[in-house]
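A.B. asks: Quick one: this structure, given as structure tokens, is what I'll be asking you about.
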Amino acid sequence: MNIKINTVKLAFLSLFLWVVSAGSTQASSSVLPADTTRRAPGIVTAQGPYRPTRTLKNDILHTKLAVRFDWLRQHVLGSAVITFKPYFYPQNTLVLDAKGFDIQRIYQLDTLVRFDSLANKTTREPIRDSLEYTYDRRQLTIRLRRAYTRKETLHVQIDYIAKPNELPRGEPDDHPDDKGLYFINADGLDEGKPRQIWTQGETESNSAWFPTVDSPNEKFLQDIYITVDTTYKTLSNGLMVASVGNGDGTRTDHWKQTLPHAPYLVMLAVGDFAVAKDLMPNGLELSYYVEPKYAQDAKAIFGRTPEMIGFFSNIFGMDFPWEKYAQIAVRDFVAGAMENTTATVHEESIQADSRALVDGNSDGVIAHELAHHWFGDLVTCEEWGQLPLNESFANYAEYLWMEYYTGTDEADWQHLQEMKQYFGEADQKQVPMIRYFYKDRENMFDSHSYAKGGRIMHMLRRYVGDEAFFLSLQTYLKEHRFGTAEINDLRLAFEKVTGEDLNWFFDQWFMKPGHPILKVEQQYSSANQKVSLKVSQLQDTLATTVYRLPLKVDVWVDSVKTRYDVVLNKAKQTLEFPARHRPDLVIFDAETQLLGTVDHEKSRPEYVFQFYKADKFLSRYDALTHLEGKLIDSTIRHLMMTAMVDPFWKIRQVAVSNFADYDGLEFVDVERLVQSRARIDPNSQVRTEAILTLASFGDNSNDPLFREALNDTSYLVVSVALDAYLIGKPGDAAEIAERFENSPNDAIVAAVGNYYAGLATPERYEWFLQKMETMNPSDRYNFLQVFGKYLIKSPSDVQRRSIPILESLARNNPAYFVRFGAYQVLGLLTDIQGVASIRKDIRSNERDPKLKEMYSQFGEL
């Protein structure tokens with residue numbers, strides 16, 4: 001599953017900064033995203049009860065589901081036939097997870113075999129025996145006819161009504177927003193929003209719509225019969241083997257999965273979708289389900305999937321192991337995406353027209369969910385405390401795909417973002433990667449399991465080498481395919497391939513919290529002709545460990561590089577290297593692979609040398625960022641000007657941004673270079689940065705380049721150019737705003753909204769509401785900031801009209817960050833009587849733990 005931490009973090013931070021700039025009395029400390037929210041003073045460490053792998057008394061072999069839907073009541077009308085056998089010991093009961101059901105009937109299905117001596121033939125008659133059961137609204141205990149052994153296979157049928165919106169709450173391990181199956185716009189009253197049904201089972205929510213043993217160490221085959229109106233399409237796991245009209249305006253689709261998988265990966269989706277298809281050379285069918293208006297863009301969005309499958313099949317040493325692969329975009333999804341077997345669900349924002357894709361695609365999340373079909377779906381973590389076995393691999397698969405498809409520099413840039421994400425969380429939370437003790441399994445979905453795990457995979461790859469790394473992965477997959485695993489299984493696979501005991505690596509990185517914090521003090525002795533590095537491990541070695549760190553060190557003398565292999569294994573350690581002269585530069589961790597912080601002080605000339613001579617993007621980027629703000633130095637100014645034409649876009653972007661607000665020497669040459677980047681740079685991020693930099697050059701709002709950029713192929717470039725152009729209120733501002741106010745791109749609409757907010761004309765109120773209504777959750781969140789700016793300057797009657805709209809969003813919007821954004825905008829209106837009490841009531845009735853914690857961090861509870 002992909003949880004999109006960065007997007008949410010930036011959105012929350014941007015709202016905070018805007019509220020501060022607006023002078024709101026509601027401003028508070030910076031807000032962090034869901035999985036990195038600040039807690040009590042001190043760093044959170046491992047806590048909670050011991051969480052063993054679930055004991056399986058019965059093994060489910062097959063689940064046959066027949067479901068139809070009551071849209072009005074938002075109920076699932078279901079019938080499940082569970083085929084199972086005792087796992088090892090004889091059993092006279094079957095215990096199933098079934099949350100909030102109305103149980104109608106339970107039968108044990110059997111076959112009576114008769115021999116007709118007169119006809120000389122055997123006949124078989126089905127038997128349906130009613131069974132006794134007890135049910136506490138969470139677990140269903142069925143009493144079987146007798147005790148059965150592991151050599152006997154049984155069939156039990158359960159007819160039920162599932163009520164996912166009416167689940168019993170407040171139970172241990174309950175998450176108030178997890179309900180397994182979601183009706184979207186069920187009554188059809190939300191104009192412009194499609195009616196959909198979709199499921200989300202991870203971690204243990206699928207038992208809210210069908211009875212099962214809802215645990216990742218259970219695996220079964222399945223058949224699902226979905227009855228819907230003929231106007232809808234359906235999607236589920238496996239292949240559709242039949243689709244039959246029922247003569248009453250409904251149709252029943254039969255989806256069959258012939259390979260075993262875990263209960264949390266079972267899915268279905270219902271709605272009006274356009275479907276585009278691809279075909280792999282081996283006959284594997286790929287399909288992409290999108291809303292009809294994106295039908296022409298489906299292959300532009302997902303079209304690299306065939307190449308991804310070929311790439312991952314090759315490096316994982318195993319063809320894609322499932323019957324088909326589908327991807328579907330749904331409304332109001334509760335995660336970034338989910339890797340249901342053969343049918344990944346994406347949130348709606350993955351849908352983009354071809355022009356929007358100029359500014360970036362969703363290859364990262366597509367690769368992440370696809371890789372799960374090997375790591376997670378094929379081989380599944382046996383308990384949620386072992387989640388990094390699923391998520392670390394999927395996270396690292398993003399790096400592998402970028403490295404292959406767009407190059408190592410791009411992959412390393414994303415690598416750096418992942419490291420920063422983990423470090424942001426580690427400031428307040430340091431727990432082992434593998435957790436046997438925890439309070440809430442949902443807390444496993446954090447930057448440890450994802451970002452830190454992916455970086456650990458990268459270090460392991462660098463340590464054992466590419467050939468051994470990928471052969472070890474292949475060994476792990478083949479030995480545990482269609483089964484489950486724990487961390488020791490992965491370690492043993494690497495040891496089997498390399499012949500090396502790797503317990504030290506797995507122990508320090510997977511079983512211990514924290515990361516190395518290194519201080520490197522460099523000295524040169526001309527008498528001994530040696531350069532020494534005194535390295536101190538400054539992390540709390542009692543809470544974590546003294547790390548064993550195999551690293552490479554580059555020493556440059558007379559512009560010649562020599563690379564050395566070193567191993568750190570002490571809290572304080574001195575490394576010495578020969579050097580005839582004082583080194584031009586020493587790069588510690590020359591492969592830039594270490595998950596840790598390194599404080600290695602360098603001079604300005606050393607950073608300049610590093611930028612020009614280092615062969616790794618991260619080293620060059622590090623030099624560039626250390627030289628920021630020093631443009632008065634002609635050497636650094638020329639370095640930044642050189643960097644503006646670097647082959648890699650991120651280097652160019654950072655260099656351009658360094659000249660924001662610049663008015664120093666060689667200004668004309670600098671401005672000419674920035675203008676060039678704005679006009680001809682092949683990367684829209686760089687063009688955008690160049691326009692922002694040009695806009696910072698004093699009263700430059702009449703620069704014709706801004707008007708010229710309104711025709712750029714990039715929505716992003718147009719949006720910032722529009723902001724820069726309209727801020728000067730030129731004579732044609734109203735005409736330009738009207739030209740773009742109905743753009744299909746929400747960033748451009750927000751730029752127009754920013755202009756309208758400055759005018760604060762009451763006539764624009766309905767325009768703001770109309771635009772906000774049709775936006776996806778992330779864009780709606782951002783647009784709420786602009787709407788708030790508009791409201792601050794609006795007359796009191798307009799402010800009062802907005803209160804019910806904002807209150808409804810803050811209470812009811814499916815996206816918790818949209819609820820938070822609306823709540824914050826309400827905070828700008830607390831001078832109006834009643835708003836403060838509305839906000840208090842919103843806080844007290846909020847159920848989402850993430851948002852409740854955010855309110856507490858703002859001092860709002």
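A.B. asks: Only one of (1) buried (at least 18 other Cβ atoms within 10 Å of the Cβ); (2) closer than 26 Å to THR199 by Cβ; (3) in contact (Cβ under 8 Å) with a residue 24 or more places away in the chain fails for ARG304. Which number is that?
C.D. replies: It fails just one condition, (2).
A.B. asks: Here's a follow-up. Which of the strands (runs of 3 or more DSSP E) found entirely inside region 546-662 contain at least 2 residues meeting this: touching an Asp or Glu at 6+ places or on another chain (Cβ under 7 Å)?
C.D. replies: 549-557, 560-568, 585-588
A.B. asks: Another one. Would you mind listing the strands (runs of 3 or more DSSP E) fully within region 234-283 where at least 2 residues are farther than 22 Å from VAL345 by Cβ, without any contact (Cβ under 8 Å) to a residue 40 or more places away in the chain and of a type outside the set (Phe, Trp, Tyr)?
C.D. replies: 239-245
A.B. asks: Out of contact with any Ser or Thr (no Cβ under 6 Å at 6 or more places or on another chain) and not in a strand (DSSP E or B) - does that describe any residue in region 101-116?
C.D. replies: no
A.B. asks: Checking THR592 against (1) more than 27 Å from ILE456 (Cα to Cα); (2) touching a Lys or Arg at 6+ places or on another chain (Cβ under 9 Å), only one condition comes out false. Which one?
C.D. replies: With respect to (1) more than 27 Å from ILE456 (Cα to Cα); (2) touching a Lys or Arg at 6+ places or on another chain (Cβ under 9 Å), THR592 is out only on (1).
A.B. asks: Can you tell me how many residues within region 668-699 are crowded, with 17+ Cβ neighbours inside 10 Å and assigned to a loop (DSSP other than H, G, I, E, B)?
C.D. replies: 3
A.B. asks: Another one. With the requirement that a residue be free of Cβ contacts under 8 Å to residues at least 24 places away in the same chain, part of a helix (DSSP H, G or I) and either surrounded by fewer than 19 Cβ atoms within 10 Å (Cβ to Cβ) or not charged (D, E, K, R) (or both), what does region 490-505 give you?
C.D. replies: Within region 490-505, LEU492, ALA493, GLU495, ASN503 qualify.
A.B. asks: Right, next: Looking at (1) over 16 Å from the mean Cα position of the chain (by Cα); (2) buried (at least 18 other Cβ atoms within 10 Å of the Cβ); (3) free of Cβ contacts under 8 Å to residues at least 40 places away in the same chain, which is the one condition that is false for ASP466?
C.D. replies: Checking ASP466 against (1) over 16 Å from the mean Cα position of the chain (by Cα); (2) buried (at least 18 other Cβ atoms within 10 Å of the Cβ); (3) free of Cβ contacts under 8 Å to residues at least 40 places away in the same chain, the one that fails is (2).
A.B. asks: Now for a different question. Cβ-Cβ distance below 6 Å, separation of 6 or more or different chains: which pairs start in region 653-667 with a residue that is crowded, with 18+ Cβ neighbours inside 10 Å and end on one that is of a type outside the set (Asp, Glu) and in a loop (DSSP other than H, G, I, E, B)?
C.D. replies: Qualifying pairs under 6 Å: ALA655/MET644; VAL656/MET644.
A.B. asks: Here's a follow-up. Just to check your reading of the model, which residue among GLU403, GLU398, GLU391, GLU418 is part of a helix (DSSP H, G or I) and touching a His at 6+ places or on another chain (Cβ under 8 Å)?
C.D. replies: Selected residue: GLU398, the only one of GLU403, GLU398, GLU391, GLU418 that is part of a helix (DSSP H, G or I) and touching a His at 6+ places or on another chain (Cβ under 8 Å).
A.B. asks: Next up: I'd like the full set of residues that are closer than 28 Å to THR406 by Cα and hydroxyl-bearing (Ser, Thr, Tyr), limited to region 639-674.
C.D. replies: The answer is THR642, SER657.
A.B. asks: Does SER287 qualify as being among the polar types (S, T, N, Q) and outside the structural domain of VAL76 (by TED's automatic domain parsing)?
C.D. replies: yes
A.B. asks: Something else about it: Quick check on region 570-579. Is at least one of its residues at pLDDT 95 or above and under 37 Å from the mean Cα position of the chain (by Cα)?
C.D. replies: Looking for residues that are at pLDDT 95 or above and under 37 Å from the mean Cα position of the chain (by Cα), one finds at least one in region 570-579, hence yes.
A.B. asks: Would you check if there is a residue in region 198-213 being assigned to a strand (DSSP E or B), outside the structural domain of GLU391 (by TED's automatic domain parsing) and over 30 Å from PRO90 (Cα atoms)?
C.D. replies: Yes, that holds for at least one residue.
A.B. asks: Another question, then. Could you grab the pairs with beta carbons closer than 6 Å, sequence gap of 6+ or different chains, first residue in region 329-341 and in contact (Cβ under 8 Å) with a residue 12 or more places away in the chain, second one in a loop (DSSP other than H, G, I, E, B) and among the charged types (D, E, K, R)?
C.D. replies: GLY336/LYS4; THR341/ASP377
The values are calculated or read from the model by the stated rules, or taken from the named source; none is laboratory data. Only a predicted model underlies this, so the values are computations on that prediction, with no experimental measurement involved. Using ideal geometry, Cβ is built from the backbone for each residue, glycine included, and neighbour counts are taken over all protein chains shown.
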